[in-house]
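Read through the structure below, which is laid out as C-alpha cells, and then see the notes.
The values are calculated or read from the model by the stated rules, or taken from the named source; none is laboratory data. This one's a predicted model, so the numbers in the text were calculated from it and none came from an experiment. Here the Cβ positions follow ideal geometry from the backbone for every residue, glycine too, while neighbour counts run over all protein chains shown. Quick note on the areas: whole protein, heavy atoms, side chains included, nothing else; ligands and nucleic acids left out. Shrake-Rupley method; radii C 1.70, N 1.55, O 1.52, S 1.80 Å.
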Amino acid sequence: MRPEFSGEVAEHYAKFRRGYPPEVLDALQTAFALGGADTVLDLGCGTGQLAVPLAARVRAVVGMDPEPDMLRLAERTAAEQEVRNATWMLGADTDVPALGVLLGPHSLGMTVIGNALHWMRHETLFAALRPLTRAGGGIAVVSNGTPLWLQDSDWSRALRTALEQHFGLAVKATCGTDAEDRDRYARALTTAGFGDVREITVDYTGELTFEQLIGGVYSAVPEPVDRADFTERVRRALPQRPAFTEAVRVIALVGKVGQPGGS
C-alpha cells in the first residue's frame, strides 16, 4: 500500500504528520556536536518536519526528497517560519554521490533520515555518506513513533480492522520502526565505517482529534475513491470520544565518524 506522496497526500502529510519534540533535536545536536559551522542533510525530508526546526541550530540544512510536492510544502513551511538557511533539492538516496561532488568531502555534520529509510537502499547509502561526513558527525535514522494502525490501544486496533476490511489485506507495515529494522540498520552503519552506534529514545504522550487521526491515515495509505464514505466508516468503527491518546516513542539510531587518532 505505497502511496504516491503528491497532491492531497502531500497536503495531509504537511498538516497532520507528527512533528518532533525539542528533546529529540537537543539529543541529535548533542550526539554530533552540531553548531553554527555545520551543514545537515535531511534525506527524504518530506514536508520539513525535521529540516525546518533543525535549521536554527546549524549553518545550513539541505532538504532532499524525490517528490516535488513535498519540497514545495517544505519550502512553504520554511518561509512561513522565516527560515532562510534551508535549501530544498529534488533527489533520492541514489543522488547522494552527486550531492557529494557538490558539497565536497567531510562537509556534513549530520545526515538525518526520518521515517524514510525503508524506501532506500540503506547499505549503499551509508557507504556513500561516510566520506561526506566530518569527524564527530554521523547519521541519525529517526523513527517517529509506531504507525497509527499498529499501536497498543483500542482505537488503534479498531482503525487497523477498518483498514484491513477496506483494503482486503492485513495491515502490518511498520515503516521501518520496529526493532528488527533497527538491528539491520545498525549492522549496516557499522559495516560502512560508523562507530558508537546506539539508540536515543524520547517518549511523550499526545492527543489526536478524529480529524488529525484520519488526516494521518490519508498521509500514509492510498486514498479511497469515496473519501467521505471511508471517513465515516472509520469514524463509526472507532470508540466514540473527543480525542485519542497515543504514547509516542521516538527512537534515533545514531552512528558517528571517529575523531582522527580516536575510535
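A few points about this structure:
- In loop segments of the range 1-104 as defined by DSSP, the GluC sites (Glu not before Pro) with at most 10 further C-beta atoms inside 10 Å of their C-beta are GLU82.
- Percentage of interatomic Cα-Cα distances in the range 70-111 larger than 16 Å: 48
- Residue with peak Gaussian network fluctuation, the chain [Cα springs, cutoff 10 Å], from PRO147, PRO68, PRO242: PRO242
- Distance histogram for the chain (every C-alpha pair counted, 10 angstrom bins, percent rounded to whole numbers): 7, 30, 35, 20, 7, 1, 0
- C-alpha center-to-center spacing [the range 199-218, the range 80-106] in angstrom: 28
- Rolling a 1.4 angstrom probe over the protein heavy atoms with all chains in place gives the chain an accessible area of 46 Å² per residue.
- Three semi-axes of the equivalent ellipsoid, the range 97-247, Cα gyration tensor, whole Å, largest first: 37, 16, 14
- Residues of the range 3-28 with amide N under 20 Å of the 7 Å Cα→Cβ point at THR94: 3-6
- Gain in span if fully extended, ALA135 to HIS106, counting 0.36 nm per residue against the direct Cα distance: 9.7 nm
- For the chain: relative contact order, % (alpha-carbon pairs under 8 angstrom, 6 or more apart): 23
- GNM flexibility winner over the chain from GLU199, GLU67, GLU207 (Cα, springs under 10 Å): GLU207
- Fraction of accessible area attributable to carbon and sulfur, the chain (%, probe 1.4 Å): 51
- Amide N of the range 182-215 lying under 13 Å from the label point, which is placed 7 angstrom from the Cα of GLU80 along Cα→Cβ: none
- On Cα atoms only, tilt of 154-167 relative to the major axis of the chain in degrees: 80
- Comparing GLY91, GLY215, GLY206 in a Gaussian network model of the chain, where Cα atoms under 10 Å apart are tied by springs, the biggest mean-square fluctuation is seen for GLY206.
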